[in-house]
Amino acid sequence: MTPAEPIPLEVPLILLAVESPSELDGIDQILQAGYTLIHTHAGDEALRLAGERTPDLILLDLQTPPLDGYAVCARLKADPPTARLPVILVSERDAREDELRGLELGAIDYLAKPLDPDILLARVHNHLALKRIQDRLEASNRHLESLAATDALTGLVNRRRLLARLETEYARSLRTRHTFAVAICDLDHFKRVNDTYGHPAGDRVLVSFAAALRDNLRGIDLAARWGGEEFAILFPESSAEEAMIPLERIRQAVSALRIQHGDDTIAITVSIGVTDYGIGHDLIEQLLERADAALYAAKSGGRNRIVCSPQAHQDPCDLA
């Protein structure tokens with residue numbers, strides 16, 4: 001028997017769902033080197049173990065009462081947490097229609113008994129190697145998606161990601177009749193910081209402001225770098241008045257910031273405009289225009305303040 005090549009990183013976990021104890025012992029002997037094995041004789045137990053342990057590979061006998069292997073495979077592939085687990089079906093029947101049915105249900109392979117040890121080892125090794133490649137590719141894709149949605153300097157999401165989330169929140173509000181608030185923040189006299197201390201100092205100010213946002217927002221809130229020295233915040237299931245509470249904490253925290261740049265100490269303030277969604281009366285563009293108009297009013301009113309414009313039919317309020 002040719003031993004399986006060692007698979008690096010974590011030891012793969014294989015779920016063996018085989019009806020016959022003697023066959024299970026035989027497969028154990030074949031796979032005992034290089035793999036961690038968990039066992040069951042029952043199809044329903046195989047489903048439970050697959051959901052709880054998330055094995056790297058499932059070796060599934062067609063005879064696993066009370067559910068047969070076809071039913072188990074179908075349920076695994078229908079459940080999102082287990083849908084992508086690779087399944088090798090094992091059967092005493094070496095019939096084309098049986099193999100085709102298993103592959104159509106989502107199994108990646110079909111082996112007929114009696115199992116050839118070398119063939120079994122090779123198939124298991126190859127499918128695990130393929131899964132490892134797929135897992136790495138998915139992780140890389142998730143990382144790339146994260147980079148594409150993240151502002152490199154501040155670590156906050158970027159404008160595109162916030163707009164996508166805003167679309168989702170807008171659709172959800174139409175269904176649930178819950179409002180949400182949007183704020184646009186602008187650092188006061190930020191150009192003066194860059195002109196006086198240089199762009200590295202300006203970058204430090206932006207990073208410090210992003211940290212103040214994180215420290216004073218809920219987990220469900222989403223802050224984004226909107227562009228330049230402008231930032232936007234989405235407050236799900238909040239009115240503009242409710243959003244003003246954390247926004248005031250942010251304004252005060254920013255006013256208290258003292259950012260060291262060499263021998264210099266930089267103090268900054270922020271102006272904020274906030275509004276909320278008038279259910280059934282607003283488009284997203286109107287909502288953002290109203291938040292931007294509130295920000296302009298905050299700037300015009302002396303800066304370092306929050307102007308709240310809840311909805312078009314309500315009077316604005318000013319918090320300095």
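Its DSSP H runs of at least 4 residues, each contributing -39,500 (n - 2.57), put the calculated 222 nm mean residue ellipticity of the chain at -15500 deg cm²/dmol, to the nearest 500.
Highest mobility in the GNM of the chain, judged by mean-square fluctuation with C-alpha springs under 10 Å and restricted to HIS281, HIS127, HIS178, is found for HIS281. Take the chain, connect every pair of alpha-carbon atoms lying under 10 Å apart with a spring to form a Gaussian network, then pick out the residue of GLU23, GLU138, GLU230 with the largest mean-square fluctuation. Answer for the Gaussian network model of the chain: GLU23. Per the Debye formula with a single identical scatterer at each Cα and no solvent contribution, what log10 I(q)/I(0) holds for the chain at q = 0.07, 0.13, 0.15 Å⁻¹? Result of the Debye calculation: -0.51, -0.85, -1.02. Kindly identify the range 199-320 as rounded, prolate or oblate by the Cα gyration tensor criterion: order the square roots of the eigenvalues as a ≥ b ≥ c, call it rounded if a/c is under 1.5, otherwise compare a/b with b/c, prolate if a/b is larger, else oblate. The shape class here is prolate.
Could you look at the chain and say what percent of its accessible area is carbon and sulfur, using a 1.4 Å probe and all protein chains? Answer for the chain: carbon and sulfur cover 52 percent of the accessible area. Using Cα springs under 10 Å in a Gaussian network model of the chain, which residue among ARG290, ARG96, ARG175 shows the largest mean-square fluctuation? Comparing ARG290, ARG96, ARG175 in the GNM, the peak value goes to ARG96.
Per residue, what accessible area does the range 203-311 have, given a 1.4 Å probe and all protein chains present, in Å²?
Details: 4510 Å² over 109 residues.
That works out to 41 Å² per residue.
Here's how it looks for HIS178: its modeled amide H is under 5 Å from none belonging to a residue 5 or more places away or on a different chain. What does the C-alpha gyration tensor say about the overall shape of the range 9-49? Classify as rounded when a/c is under 1.5, otherwise prolate if a/b is larger than b/c, or oblate. Cα axes put the range 9-49 in the oblate bin.
When the Cα positions of LEU257, ASN158, THR40 are compared along the charge dipole of the chain, LEU257 comes out farthest toward the positive end, with charges on each C-beta of Lys, Arg, Asp and Glu. Of all lysines in the structure, the ones whose alpha carbon falls short of 25 Å from that of LYS113, not counting any fewer than 8 places away in one chain, are LYS77, LYS131. The phi torsions of the range 143-153, fed into the Karplus equation with coefficients 6.51, -1.76 and 1.60 and a -60° offset, translate into couplings of 5, 5, 5, 5, 4, 5, 9, 10, 6, 5, 6 Hz, rounded to whole numbers, with Gly and Pro shown as x. Coupling constants for the range 208-214 follow from the phi torsions by the Karplus curve (6.51 cos²θ - 1.76 cosθ + 1.60, θ = phi - 60°), and in residue order they are 5, 5, 4, 5, 5, 5, 4 Hz; glycine and proline get x. 3J(HN,Hα) couplings calculated from phi for the range 241-256 with the Karplus curve 6.51 cos²θ - 1.76 cosθ + 1.60 (θ = phi - 60°) are, in sequence order, 4, 5, 5, 5, 5, x, 5, 5, 4, 5, 4, 5, 5, 5, 4, 8 Hz; Gly and Pro show x. Solvent exposure of ASP28, expressed as accessible area, is near 40 Å², computed with a probe of 1.4 Å over the protein chains only. Mean sequence separation of contacting Cα pairs (under 8 Å, at least six apart), scaled by the length of the chain, corresponds to a relative contact order of 12 percent.
Which shape class, rounded, prolate or oblate, goes with the range 125-183 when its Cα gyration tensor gives a ≥ b ≥ c as root eigenvalues, a/c under 1.5 marks rounded, and past that a/b bigger than b/c marks prolate? List each step's numbers first, then the result.
On the way: a/c = 5.52, a/b = 1.94, b/c = 2.84.
Oblate, since a/c reaches 1.5 and b/c is not below a/b.
Taking all protein chains as they are arranged and a probe of 1.4 Å, the heavy atoms of ILE250 leave approximately 0 Å² accessible to solvent.
The values are calculated or read from the model by the stated rules, or taken from the named source; none is laboratory data. Only a predicted model underlies this, so the values are computations on that prediction, with no experimental measurement involved. Glycine also receives a Cβ, built like all others from the backbone with ideal geometry; neighbour counts cover every protein chain displayed. Keep in mind that these areas ignore ligands, DNA and RNA; they rest on the heavy atoms of the full protein, side chains included. Shrake-Rupley method; radii C 1.70, N 1.55, O 1.52, S 1.80 Å.
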